[in-house]
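Here is the structure we will look at, set down as structure tokens.
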Amino acid sequence: MNTLDRARLERLWDQEVAAFRAARPRSEERWRDASAHLPDGVPMLWMSKWPGPWPVYVDSAAGSHFTCVDGIDHVDLCLGDTGAMVGHAPEAAVRALSERLARGSTFMLPTDDAAAAAELLADRFGVPSWQFTLSATDANRSVIRYARHVTGRRKVLVIDYSYHGSVDEAFATLDDSGRVVARRGNIGAPVPLDETTVVVPFNDVPAFEAALATGEVAAVLIEPAMTNIGIVLPEPGWHDAVRELCDRFGVVLVIDETHTLCAGPGGMTARDGLRPDAVVVGKTIAGGVPAGAFGLTAELAERVRVRLRGGEHGLEDIDVGGVGGTLAGNALSLAGIRATLGEVLTAEVYPGMIARASEWTAGVQAAIDEFEVPWQVTQLGARAEYSFRATAPRDGREAADADDFPLQQYLHLHALNRGLLITPFHNMALMAPSTTSEDVARHTEAFRDAVAGLYA
Ligand code: PMP
């Protein structure tokens, strides 16, 4: 196996930075002007982490491509980190959203799209009772509150190195001695994380059982496969054990399908026959406008209903419980969900998306093999990701240990300079229904060139 020459990486990085500077003067101008009122010239702090001296400002997008203000066409394999998994400006969703916008978008009253959207989600995920939020984060927060409310327990179990949005409880990790501590980079934690959270490595059934046996856990919040520290797939038996142990210890099992909706129309829940008590979705489901949703089994929905409505002040106090919000469940989001699930992200488009991801994976694997590089690539439905280790990781810690920030930044900038956007902060590509084999081939060629530059 080849080893990485760091001095060579630095030289190549400098070349790519110079190429970026030369090609993107208009983005630079926007960024300099914007910096007067936007820290780092961006409206959300993560956007400052893209590789390169300044962020790329977008002009317009359609399908799986966008054009930046410098007029450069990009194949978008990031797709807003799943927010645009259905492709940019999908026609049916744009039509429904535009029509709704022209007739009023937020009322704190239901429209016909609400029940239709809930039915579409119920059919896909097999849980009947749905509520809507503005983000997957909010959906996770809501379900955690409900789980605490119905179980009377305090703690949430999450998987080591998982990510579920800006949910306070979820920013926990295990230190070297196995204690629960805040993740590096966690900003302003309200309380020490071991007061709210139990952390278990992915695929570790004995640790999971021991954690639930304490009787402290209200909810287990998991992705069916890890997707936020590279992709880590579940081992055979993991999900059966999780379900069985949640039943045994009376814990609410929440499956967060926000990213794994890439695996099929009903996520991994439907694909693999999982049986959660609650399902969370978000990001792309409204075709590009903010929306999140959570669905509950009939049994859990009834437990929640009894707890919320029971007692003298049940209805009177329903707006101060910490679940819901003025814009949550707004008419625009629901029009978007109905059109997107009904007409855009249909079962028919998945085989094509998954085939494109297989092509992308094969392209990456070919370069790994040709240059004998100790990296691996893992596919999950319409998404795939490479990491800087020779074998597929089994848990989040193994995946995190393979991180190489300078190398990752280099590969992303190299791709960007060739008109390819990869999901930032890890090495992931996502396929939209509109992604073509030509789009993927552009990546295959550029990736080979990048690896050759590093290792040939
Ligand atoms: N759950 C999962 C699994 C996610 O990956 C993310 C975001 N990456 C979220 C929830 C939160 O989504 P949002 O930032 O749109 O609230």
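Values in this text are rule-based calculations from the coordinates and carry no lab data. This is a predicted model, so every value here is computed, not measured. Cβ coordinates were reconstructed from backbone atoms using ideal geometry, including for glycine residues, and neighbour counts include every protein chain displayed.
Using the number of other C-beta atoms within 10 angstrom as an exposure proxy, rank D33, D59 with the fewest first.
Ascending number of Cβ neighbours within 10 Å: D33, D59.
Tell me, what ³J(HN,Hα) does each residue in the stretch 340-356 have, in order and in whole Hz, if you take phi through Karplus 6.51 cos²θ - 1.76 cosθ + 1.60 with θ = phi - 60° and put x for Gly and Pro?
Whole-Hz 3J(HN,Hα) from phi for the stretch 340-356: 5, 6, x, 10, 10, 8, 8, 4, 5, 7, 5, x, x, 4, 5, 5, 5.
Does the stretch 403-445 classify as rounded, prolate or oblate by the C-alpha gyration tensor (a ≥ b ≥ c root eigenvalues; a/c under 1.5 gives rounded; else a/b over b/c gives prolate, otherwise oblate)?
prolate
Tell me, what ³J(HN,Hα) does each residue in the stretch 315-323 have, in order and in whole Hz, if you take phi through Karplus 6.51 cos²θ - 1.76 cosθ + 1.60 with θ = phi - 60° and put x for Gly and Pro?
Each residue's phi maps through the Karplus curve to give 5, 4, 9, 5, 8, 10, x, x, 10 Hz.
One-quarter of the Cα convex hull surface for the stretch 322-412, in nm²?
9.7
Where does the longest stretch of the chain lie that holds no trypsin sites (Lys or Arg not before Pro) found in a DSSP loop with 14 or fewer other Cβ atoms within 10 Å?
185-456
Just from the alpha-carbon atoms, what are the Rg and Dmax of the stretch 72-231 in angstroms?
That works out to 19.2, 58 Å for Rg and Dmax.
Neighbouring Cβ atoms within 10 Å as the yardstick, rank W360, W31 fewest first.
Listed from fewest to most nearby Cβ atoms, that is W31, W360.
Mind pulling up the Rg/Rh value for the stretch 75-161? Radius of gyration and Kirkwood radius, both on Cα.
Dividing the radius of gyration by the Kirkwood radius yields 1.03.
Apply the Karplus parameterisation 6.51 cos²θ - 1.76 cosθ + 1.60, with θ equal to phi minus 60°, to every residue of the stretch 293-299 and state each ³J(HN,Hα) to the nearest whole Hz, in sequence, with x for glycine and proline.
The phi angles translate into 7, 9, x, 10, 5, 4, 5 Hz.
So what are the stretch 26-147's ellipsoid semi-axes, whole angstrom, largest first, if each one is the square root of 5 times an eigenvalue of the alpha-carbon gyration tensor?
33, 19, 16
Can you pull the Rg over Rh of the stretch 132-201, Cα-only, Kirkwood?
Rg/Rh: 0.96.
As I understand it, the value is the acute angle between the Cα axis of helix 91-102 and the longest principal axis of the Cα atoms of the chain; what does it come to in degrees, rounded to 10?
So the inclination is approximately 60 degrees.
Grab the DSSP H runs of the chain that are 4 residues or longer, score each as -39,500 (n - 2.57), total them, divide by all residues and round the 222 nm result to the nearest 500 deg cm²/dmol.
Calculated from helices alone, the mean residue ellipticity at 222 nm is -12000 deg cm²/dmol.
Angle, helix 136-151 long axis vs. longest principal axis of the chain, Cα atoms, 0 to 90°, nearest 10?
Taking Cα atoms only, the helix is inclined about 30 degrees.
What is the set of long-range amide H partners of T197 at a cut-off below 5 Å, with H atoms built 1.01 Å from backbone N?
HN-HN under 5 Å from T197: V156.
Can you tell me the 0 to 90 degree angle between the C-alpha axis of helix 112-125 and the longest principal axis of the chain, rounded to 10?
Roughly 80 degrees, rounded to the nearest 10.
Where a ≥ b ≥ c are the square roots of the eigenvalues of the C-alpha gyration tensor, would you call the stretch 241-353 rounded, which needs a/c under 1.5, or, failing that, prolate if a/b is larger than b/c, or oblate?
Oblate shape, in that a/c is at least 1.5 and b/c is the bigger or equal ratio.
Cα-Cα pairs above 41 Å in the chain: how many percent?
So the portion of pairs separated by more than 41 Å is 17 percent.
Of all beta bridges DSSP finds with both residues in the chain, what is the antiparallel percent, to the nearest 5?
Taking every DSSP beta bridge within the chain, about 65 percent pair in antiparallel fashion.
Return the percentage of antiparallel bridges among DSSP beta bridges fully within the stretch 216-282, rounded to the nearest 5 %.
10
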